[in-house]
Amino acid sequence: MSETRPRRILLGVSGGIAAYKSVELVRRLTERGCDVQVVMTRGATRFVGPLTFQAVSGHPVRQDLWDETEEAGMGHIALARWADLVLIAPTSAHCLARLAHGLADDLLTTLCLATDAPLAIAPAMNPHMWLHPATQANLAVLKSRGVRIWGPAEGPEACGESGPGRLLEPPDLAALVVEARSGHKQPCHLRVLMTAGPTREPLDPVRYLSNRSSGQMGYALAQAFRAEGADVTLISGPTGLPDPSGIRVERVETAQEMHDRVLQSLPGQDIFCAVAAVADFRPAHAATRKLSKDKTPKPLPLEATPDILSAVSSQDPRPFIVGFAAETHDLEAHARAKLAHKKPDLLVANPVGPGQGFESAENEAWVFWPGGDRRIERMPKGPLAEILVGIIRERYEHRGGS
Ligand code: PMT
């Protein structure tokens with residue numbers, strides 16, 4: 001495990017039914033070598049008994065700012081200094097609001113003000129509460145302060161409704177904790193150019209060759225860079241996703257258009273991430289009118305599209321380049337071959353197949369660079385993107401310093 005990973009985790013548990021999942025989270029974190037201390041709000045103790053957390057964490061559970069024994073030695077300050085990372089899971093709507101307003105009316109919120117460790121929250125609440133403008137405004141405040149927002153996931157909830165508001169699963173949260181960089185995040189002043197989504201290569205005005213990319217992975221990466229302060233330009237193929245806020249989005253259709261727009265936007269960029277699933281071939285002739293069955297050439301002549309990643313790699317000077325590779329088999333061999341052939345500085349390979357990689361809200365990744373690699377297990381694309389941004393920034397800084 002890297003020295004930069006947080007080891008001492010202060011887990012805040014606020015009041016919500018998802019608090020029962022935090023017991024498993026403690027177990028997952030301790031299995032991964034983390035030392036976990038738990039602080040519960042009064043509401044949380046209505047759902048899970050402190051003894052349960054004490055048993056799984058191996059530490060007494062703190063609940064009360066006015067604990068005379070603990071506070072004889074300013075226990076809350078000691079706890080705030082002890083933590084490498086503070087994670088609140090689940091974070092209820094009420095807890096989220098108190099954090100946004102800087103309240104310090106119980107032990108957990110006081111600790112959050114007193115610590116200089118990074119703070120991550122894993123929200124869990126009813127979908128209407130999550131989508132309420134008050135909650136979203138509080139969330140925006142926390143994001144602007146650099147608080148890491150892990151989740152929520154979408155799906156059926158204990159209240160019987162379905163939508164955004166589920167706590168991320170304990171293995172996903174444990175992976176985020178282990179992968180997250182400890183210490184302060186320096187604001188990112190980088191200029192990042194990114195491609196995302198599929199391309200469409202027309203055969204005639206109504207038919208095209210394309211692939212299953214939904215754009216979710218590229219948009220998540222663009223948002224994760226933006227959240228760290230980067231100036232992001234996203235050249236997107238056709239997707240059903242809305243333009244992410246704070247990001248310059250340019251929509252294109254074909255590989256040629258994506259290629260041309262990338263090269264136009266390239267000067268001054270620090271990082272280029274090629275997340276798009278660019279079609280490798282296009283019909284050699286695109287008819288201007290719909291082809292009838294008997295007029296469609298068989299077999300269909302194809303020609304190669306321009307390779308955008310290789311075109312950027314051959315520029316001088318060139319930005320730091322991140323390639324992606326979607327593989328159905330022999331992932332490592334194919335990824336290493338693409339690293340050598342297309343010459344990105346870092347390559348993110350992901351397995352794709354039914355329900356995996358493409359068109360899915362989740363992904364897993366194996367990251368390669370000359371002389372190293374790192375595996376990231378399957379999780380939602382948002383948190384995965386945060387981890388990737390951490391790795392990309394580390395490798396970028398390493399390149400700058402070497
Ligand atoms: O969009 P989602 O549904 O969220 O799915 C995400 C994803 C699976 C599409 C994404 O994570 C991913 O793997 N993107 C790259 C897919 C791909 O095209 O891989 P490839 O092995 O064919 O290409 C390798 C690299 O070359 C990629 O960085 C690609 O952008 C680039 N390339 C490929 C062809 C081409 N003509 N020009 C390119 O720049």
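The values are calculated or read from the model by the stated rules, or taken from the named source; none is laboratory data. Worth saying up front: this structure is predicted, and the values here are computed from it rather than measured. Glycine gets a Cβ as well: all are built from the backbone with ideal geometry, and neighbour counts include every protein chain shown.
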Name every residue in segment 49-101 that is assigned to a loop (DSSP other than H, G, I, E, B), buried (at least 19 other Cβ atoms within 10 Å of the Cβ) and among the aliphatic types (A, V, I, L, M), in order of residue number.
VAL61, ALA83
Considering only strands (runs of 3 or more DSSP E) wholly within segment 102-185, the ones with at least 2 residues that are modelled with pLDDT of 85 or more, out of contact with any Lys or Arg (no Cβ under 8 Å at 6 or more places or on another chain) and buried (at least 18 other Cβ atoms within 10 Å of the Cβ) are 119-123, 162-166
Scan segment 167-178 and give yes if some residue there is within 16 Å of the ligand (Cβ to nearest atom), within 15 Å of the chain's Cα centre (by Cα) and of a type in the set (A, V, I, L, M, F, W, C), otherwise no.
no
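Name the residue, out of VAL262, VAL278, VAL206, that is of a type in the set (A, V, I, L, M), more than 12 Å from the ligand (Cβ to nearest atom) and assigned by TED's automatic domain parsing to the domain that holds GLY357.
Of VAL262, VAL278, VAL206, the one residue that is of a type in the set (A, V, I, L, M), more than 12 Å from the ligand (Cβ to nearest atom) and assigned by TED's automatic domain parsing to the domain that holds GLY357 is VAL206.
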Applying the selection to segment 375-392, what residues are surrounded by fewer than 18 Cβ atoms within 10 Å (Cβ to Cβ) and either outside any helix (DSSP H, G or I) or not assigned by TED's automatic domain parsing to the domain that holds VAL275 (or both)?
ARG375, GLU377, ARG378
Go through segment 356-370 and give me each residue that's of a type outside the set (A, V, I, L, M, F, W, C), surrounded by 18 or more Cβ atoms within 10 Å (Cβ to Cβ) and in a loop (DSSP other than H, G, I, E, B).
GLY357, SER360
Single match in THR254, THR288 (criterion: surrounded by 14 or more Cβ atoms within 10 Å (Cβ to Cβ), hydroxyl-bearing (Ser, Thr, Tyr) and not assigned by TED's automatic domain parsing to the domain that holds LYS143)
THR254
Within segment 209-244, considering residues that are outside any loop (DSSP other than H, G, I, E, B) and polar (S, T, N, Q), the one nearest to the ligand (Cβ to nearest atom)
GLN216
Does segment 228-242 include one or more residues that are crowded, with 18+ Cβ neighbours inside 10 Å, assigned by TED's automatic domain parsing to the domain that holds GLN356, of a type in the set (Asp, Glu) and touching a Pro at 6+ places or on another chain (Cβ under 8 Å)?
yes
Filtered residue count, segment 305-329, keeping only those that are within 9 Å of the ligand (Cβ to nearest atom), assigned to a loop (DSSP other than H, G, I, E, B) and within 19 Å of TRP369 (Cβ to Cβ):
0
Can you pull out every residue in segment 267-285 that is of a type in the set (A, V, I, L, M), within 12 Å of MET194 (Cβ to Cβ) and in a loop (DSSP other than H, G, I, E, B)?
VAL275, ALA276
Which of the following residues is touching a strand residue (DSSP E or B) at 6+ places or on another chain (Cβ under 9 Å) and among the polar types (S, T, N, Q): SER360, SER292, SER313?
SER313
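Test LYS338 against the stated conditions and say whether it is within 11 Å of the ligand (Cβ to nearest atom), among the basic types (Lys, Arg) and within 30 Å of VAL147 (Cα to Cα). Don't jump to the end; show me each part of the working.
On the way: within 11 Å of the ligand (Cβ to nearest atom): yes; among the basic types (Lys, Arg): yes; within 30 Å of VAL147 (Cα to Cα): no.
When the stated conditions are applied, LYS338 does not pass them.
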In segment 265-274, residues that are touching a helix residue (DSSP H, G or I) at 6+ places or on another chain (Cβ under 9 Å) and away from the ligand (no atom under 16 Å from the Cβ) total 1
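Residues LEU302, LEU384: which one is within 14 Å of the ligand (Cβ to nearest atom) and at pLDDT 95 or above?
Values: LEU384 fails: at pLDDT 95 or above.
So the residue among LEU302, LEU384 that is within 14 Å of the ligand (Cβ to nearest atom) and at pLDDT 95 or above is LEU302.
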For segment 145-156, give me each residue that is out of contact with any Pro (no Cβ under 7 Å at 6 or more places or on another chain) and of a type outside the set (A, V, I, L, M).
ARG145, GLY146, GLY155, PRO156
